[in-house]
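Structure, as structure tokens:
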Amino acid sequence: MDVRIAPSWKQHLQPEFDQDYFARLTDFVRKEYATETVYPPGKLIFNAFDQCDFDKVKVVILGQDPYHEPGQAHGLCFSVQSGVAYPPSLQNIFKEIRDDLHIVTLDDGNLERWARQGVLLLNATLTVRAHQAASHQNRGWEQFTDAVIHLLAEQREHLVFILWGSYAQRKGAFIDPRRHLVLQSAHPSPLSAYRGFFGNHHFSRANAYLTAHGQTPIDWA
């Protein structure tokens, strides 16, 4: 499977790639792609790491599962490929950005423009069967993405970790808030967005923190 990943990430993650659990995970994923419809396309499994170098990460947004319907997932959490209708969570994210930053128009659900500015859009699980949410959980991806978060939290300074919902908050519970900004709220899903996601001002707060630490803020538009 021809996957793309930035050299900086490949170097930092090589110890994970060399572990037995990752060999088992790779075997499972290859068999799934050979026998089932799986998202995202194989070459985009590590797209989050290909679009955003390790040393350029400023913000980490943590999702759970890739979208599992045709044409949506392309390796970045909450993002869809250009021209695809926005899923409900992404609609709510855009609503919060508009309200928080007074931005009128957000034209594209493809968030690669964020990734290229230093936003790591990381799902806890990087693959999923078509139409079957959570179908690739507990196969090893969670251990791998835990290692990613540990690397960033321990080797970088003054990052912004955005944790929406209880799952992301548990996954990022170890992050030192004295070393990084940890922003938490309800998930943008329609089931929970009105219970604390709307009005969280995470986008303006992230940019204020980056600016205070001498970094260029993210153009969320």
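The values are calculated or read from the model by the stated rules, or taken from the named source; none is laboratory data. All of these numbers come straight from a predicted model, not from anything done at the bench. Backbone-built Cβ (ideal geometry, glycine too); neighbour counts: all protein chains shown. Protein only, heavy atoms only, side chains kept; ligands, DNA and RNA dropped before computing areas. Shrake-Rupley method; radii C 1.70, N 1.55, O 1.52, S 1.80 Å.
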Breaking point among (1) open to solvent by less than 10 Å² (accessible area, probe 1.4 Å); (2) aliphatic (A, V, I, L, M); (3) out of contact with any Phe, Trp or Tyr (no Cβ under 9 Å at 6 or more places or on another chain), for V104: (1)
Out of everything in segment 150-176 that is in contact with a His (Cβ under 9 Å, 6 or more places away or on another chain) and surrounded by fewer than 14 Cβ atoms within 10 Å (Cβ to Cβ), what residue ends up being nearest to K58 (Cα to Cα)? E157
Kindly indicate whether A48 is without any contact (Cβ under 8 Å) to a residue 40 or more places away in the chain, within 26 Å of H131 (Cα to Cα) and of a type in the set (A, V, I, L, M, F, W, C). no
Could you please tell me which pairs satisfy a Cβ distance under 7 Å, a separation of 6+ or placement on different chains, a first residue in segment 189-204 that is open to solvent by less than 40 Å² (accessible area, probe 1.4 Å), and a second residue that is assigned to a loop (DSSP other than H, G, I, E, B)? S192/A186; A193/A186; G196/A186; F197/A186; F197/H187; F197/P188; F203/W220
Does segment 69-91 include one or more residues that are out of contact with any strand residue (DSSP E or B) (no Cβ under 8 Å at 6 or more places or on another chain), under 18 Å from V119 (Cβ atoms) and not in a loop (DSSP other than H, G, I, E, B)? yes
Name the single residue, out of those in segment 205-221 being in a loop (DSSP other than H, G, I, E, B) and farther than 17 Å from N92 by Cβ, that is least open to solvent (accessible area, probe 1.4 Å). I218
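Results for (1) in contact (Cβ under 8 Å) with a residue 60 or more places away in the chain; (2) farther than 25 Å from K10 by Cα; (3) of a type in the set (A, V, I, L, M, F, W, C), shown as yes or no for each residue.
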{"residue": "P87", "(1), (2), (3)": "no, yes, no"}
{"residue": "V128", "(1), (2), (3)": "yes, no, yes"}
{"residue": "V148", "(1), (2), (3)": "yes, no, yes"}
{"residue": "R156", "(1), (2), (3)": "yes, no, no"}
Of these, S89, S79, which one is under 22 Å from G172 (Cα atoms), hydroxyl-bearing (S, T, Y) and open to solvent by 10 Å² or more (accessible area, probe 1.4 Å)? S89
Can you find a residue in segment 9-23 that is part of a helix (DSSP H, G or I), open to solvent by 10 Å² or more (accessible area, probe 1.4 Å) and of a type in the set (S, T, Y)? yes
Taking V60, is it touching a residue at least 24 places away in the same chain (Cβ under 8 Å) and either surrounded by fewer than 19 Cβ atoms within 10 Å (Cβ to Cβ) or assigned to a loop (DSSP other than H, G, I, E, B) (or both)? no
Give me a count of the residues in segment 115-147 that are surrounded by fewer than 17 Cβ atoms within 10 Å (Cβ to Cβ), within 15 Å of G172 (Cβ to Cβ) and among the small types (G, A, S). 1
